[in-house]
Amino acid sequence: MALRPVVLLFLGAVLALTAARADAVAAETTGLPLPRFVSLRADEVNLRTGPGVQHPIDWVYRRRHLPVEIIAEYNTWRKIRDWQGTEGWVHQSMLSNKRTVVVTGKLRTLRHKSDTTGRPVAQAEAGVIARLLECPDASTWCRVEVDGFEGWFRRVEFWGAYGDEVVR
């Protein structure tokens with residue numbers, strides 16, 4: 001019976017350390033600002049109902065480079081939102097820092113310069129993904145690349161960059 005208090009003390013210490021480690025893991029974040037835009041790294045990405053493989057898959061993205069917005073972090077999991085408002089959790093390894101945007105609304109004209117009078121370079125339909133190249137400070141335009149065509153879209157013509165965000 002003399003060993004029982006020692007065993008209980010040891011178990012109590014183990015449980016306290018385990019709880020402290022769990023709190024530390026839960027508190028781990030990248031320290032990067034939230035929300036922020038990234039893109040999907042793979043051709044197939046599972047969107048889960050919670051942060052972990054024990055949570056069911058709610059949706060499967062089949063669109064590499066689709067821009068998504070990280071709105072929360074939990075350990076190695078990121079809660080994301082897509083351009084249509086769908087939210088869920090993905091593992092960080094499925095995300096890339098490469099910036100892309102998705103064309104919204106109707107048929108959009110890619111312009112040679114950041115002006116509505118700029119020469120048309122190409123047209124893009126809603127849902128087309130473009131690589132984001134730059135968004136100058138205090139500009140309503142961003143430079144993008146779509147299927148080898150480089151030009152400018154107004155920020156209101158796509159989803160994937162904040163209205164006041166500077167991208168270089």
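Some observations on this one:
- Of the residues making up the stretch 37-55, those that are surrounded by 20 or more Cβ atoms within 10 Å (Cβ to Cβ) and in contact with a helix residue (DSSP H, G or I) (Cβ under 9 Å, 6 or more places away or on another chain) are LEU40, VAL45.
- Of the residues making up the stretch 91-139, those that are within 14 Å of TRP152 (Cα to Cα) and of a type in the set (Asp, Glu) number 2.
- Restricting attention to the stretch 69-90, the residues that are surrounded by fewer than 17 Cβ atoms within 10 Å (Cβ to Cβ) and not β-branched (Val, Ile, Thr) total 7.
Rule-based calculations on the coordinates, nothing more; no lab input. None of the values given here were measured: they were computed from a predicted structure. Here the Cβ is made from the backbone with ideal geometry for all residues, glycine too, and neighbour counts use every protein chain on show.
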